[in-house]
1. Could you tell me how many of the residues in the range 77-117 are open to solvent by less than 10 Å² (accessible area, probe 1.4 Å), farther than 16 Å from Ala23 by Cα and under 21 Å from the mean Cα position of the chain (by Cα)?
2. Output the residue which, of all residues in the range 36-62 that are assigned to a loop (DSSP other than H, G, I, E, B) and of a type in the set (A, V, I, L, M, F, W, C), is least open to solvent (accessible area, probe 1.4 Å).
3. Please work out which one of (1) more than 16 Å from Val133 (Cα to Cα); (2) part of a loop (DSSP other than H, G, I, E, B); (3) at pLDDT 95 or above is the condition Gly163 fails and give its number.
4. Looking at Glu146, is it touching a residue at least 12 places away in the same chain (Cβ under 8 Å), surrounded by fewer than 21 Cβ atoms within 10 Å (Cβ to Cβ), charged (D, E, K, R) and outside any strand (DSSP E or B)?
5. Can you name the number of the only condition in (1) open to solvent by 60 Å² or more (accessible area, probe 1.4 Å); (2) touching a residue at least 12 places away in the same chain (Cβ under 8 Å) that Ala369 fails?
6. How do the pairs read when you match residues in the range 339-358 that are over 18 Å from Pro417 (Cα atoms) and in contact (Cβ under 8 Å) with a residue 60 or more places away in the chain with residues anywhere that are of a type in the set (D, E, K, R) and open to solvent by less than 10 Å² (accessible area, probe 1.4 Å), using Cβ under 7 Å and keeping only pairs 6 or more apart or on different chains?
7. Of the residues Gln403, Gln346, only one is polar (S, T, N, Q), modelled with pLDDT of 95 or more and crowded, with 16+ Cβ neighbours inside 10 Å; which?
8. Looking only at the range 63-89, which residues are in a strand (DSSP E or B) and within 14 Å of Val103 (Cβ to Cβ)?
Amino acid sequence: MIQHAPWFEEARFGMFVHWGLYALPARHEWVMNREEITVEEYSKYFRRFDPDLYDPHEWARAARQAGMRYVVLTTKHHDGFCLWDSALTDYKANNTPAGRDLVGPYVDALRAEGLKVGFYHSLIDWHHPDFTVDGVHPQRNAADVESLNAGRDMARYRDYLHGQVRELLSNYGTIDYLFFDFSYAGFGHGDNGQEEFWGGKGREDWGSEKLLAMVRELQPGIVVNDRLDIPGDFVTPEQYQPAGPMMVDGVPVTWEACQTLNGSWGYDRDNVNYKSVDLLIRMLIDGVAKGGNLLLNVGPTGRGSIDPRALAPLKGIGEWMKLHSRSIYGAGASEFTAPPDARYTQSGDRLYVHLFAWPFEYVHLPDLAGKVEYAQLLNDASEVFLKEVDPQQQAINMTPGGQPAGTLTIKLPVQRPDVAVPVLELFLKPEAHRG
């Protein structure tokens, strides 16, 4: 449990928002890197950034209606463009056709919907004149890299980085969450699956210890992730589902999986590889069953609206959450082990059985015999029946064989409930759980 911010582990589900100049090319948020675009070439997007449909209240409502409890916005991504009125740069939304601070309205909208406020802030800045060219930089393959780096000073950039974080954490009231992205010192020699980057940057480049101390001083109740190249409050698996609870040195840690709807973080017009609603819900359930959170991303368009292709799955998740949210909120990993094709979450004396596959007539739950006093389908609170089958019973004709000792068998209706993932709610006997 994060002692100074217990809300985080209870929230379970949040929205990530990647939005900036890269919404205009609409071909991945790393377009500047992937296409090796220079600062000068990239400036055409700065001159044309005019999000006339930007309404953060719509974003906040979409998040709340999906059942989310917090939102995290990219205040600055790797391209260095700032969504707020920073006093430390001219490369900001105020100097585009947008003509205004875009972070303040976002903060106000979240608070109006009762959502926790999160900022993402890139440690990387491909626009800043003191940020040295390295193996991640768009100009990594330039013929004159040495001359490009001549005179650049990471100490000056470090002061800039700290100054911008100070602005963000001083000018918008209470900020609940900060996602730094990312360190890449020592990345990759092939064996660990990471790419190899020359000139990678980490804690010394960012002044991570001092930066984190400043964050804690300015916002004592904030949660901070693990990408400063020093330990944070939680770890951040990205674009994969952990096989079990996340561990560091054999000790379970608080974690949050960062996932996309379609494999891209920023608006990517031609990427149609959207995950289905039932898959997204299963990912959420799977994470909570392993003690984690899900931070699910949307990438608004260059005009500031959320693409209908992204709103549709959010709506589908919200419909499921209306009926099943108590198996997610206030719940976590269970002390019991679920059978195949199922995930358990638990909240006190209530055990939730999420059925990823709907069996014919019976589901068999190991080690729960004699431990459940009542069971129902969560979507409509309709009773399901409990039985224990004699382990010695022989299968013959219309009589099924016995189950292993300690197995609880639950009789289900043949007709699967019309929900993305059916859930059973089991009420445990007082002596059957550890509180």
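The values are calculated or read from the model by the stated rules, or taken from the named source; none is laboratory data. Worth saying up front: this structure is predicted, and the values here are computed from it rather than measured. Please note: Cβ atoms are built from the backbone with ideal geometry, for glycine as well, and neighbour counts cover all protein chains shown. Note: areas computed on protein heavy atoms with side chains; ligands, DNA, RNA excluded. Shrake-Rupley method; radii C 1.70, N 1.55, O 1.52, S 1.80 Å.
1. 6
2. Phe49
3. The failed condition is (2).
4. In short, no.
5. It is condition (1) that Ala369 fails.
6. Matching pairs, first to second residue: Arg350/Glu425.
7. Gln346
8. Answer for the range 63-89, where residues must be in a strand (DSSP E or B) and within 14 Å of Val103 (Cβ to Cβ): Val71, Val72, Leu73, Thr74, Thr75, Lys76, Cys82.
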